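Here's the structure, in structure tokens; my notes come after.
The values are calculated or read from the model by the stated rules, or taken from the named source; none is laboratory data. Predicted model, so just to flag it, every value in this text is computed and none were measured. Because the Cβ atoms are built from the backbone with ideal geometry, glycine has one as well, and the counts that use them run over all protein chains shown.
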Amino acid sequence: MALNPAEFIAKWRKSSLTESAASQEHFLDLCALLGHPTPAAADPEGASFTFERGAAKRGGGDGWADVWKKGFFGWEYKGKHKDLDAAVFAAYGWDPAMGDEEILEKLLALNLERAREQSWPRTQPGKRRTSNAER
């Protein structure tokens, strides 16, 4: 069933369900809203897109992702009014007492690592990227 934005907002604004009671239905509704295949429709075996997947934390250790899509995201739901900062620190394995400058340094390092993994910009090693003017 497709949802429009107003229906999605109306449904979830009045919800008082717990995180565990709401997370999968919320994600399925989000898929309907965005026209994206649900995990089971896209991956019936759950090998690359599924609910409740064990996942390694960036800072070390293991955790769980409420929704996981290989190579794209691990999605962790939190109930209304939960401390999202604490959840982010836990996901990365970072000390919640870190200052803003250290947080920004770590985020920059993660972004640079991700860019290297994706070979961004997409050039071949040893080849100089040309500008539009040189083409």
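What to note about this one:
- In segment 70-82, residue farthest from the chain's Cα centre (by Cα) [restricted to those that are of a type outside the set (Lys, Arg) and under 20 Å from Ala55 (Cβ atoms)]: Gly79
- The residues listed here are Glu52, Glu25, Glu19; of these, the one that is among the charged types (D, E, K, R) and out of contact with any Phe, Trp or Tyr (no Cβ under 7 Å at 6 or more places or on another chain) is Glu25.
- Of all residues in segment 36-65, those being over 30 Å from Asn4 (Cα atoms), surrounded by 13 or more Cβ atoms within 10 Å (Cβ to Cβ) and not basic (Lys, Arg) number 3.
- Hey, Glu134 farther than 30 Å from Leu30 by Cβ and modelled with pLDDT under 80 or not: yes
- Within segment 39-76, the set of residues being under 22 Å from Leu17 (Cβ atoms) and either of a type in the set (Asp, Glu) or not assigned by TED's automatic domain parsing to the domain that holds Ala22 (or both) comprises Glu52, Asp66, Glu76.
- Residue ID - farthest from Gly79 (Cα to Cα), chosen from residues in segment 17-39 that are of a type outside the set (A, V, I, L, M, F, W, C), in contact (Cβ under 8 Å) with a residue 12 or more places away in the chain and assigned to a helix (DSSP H, G or I): Pro39
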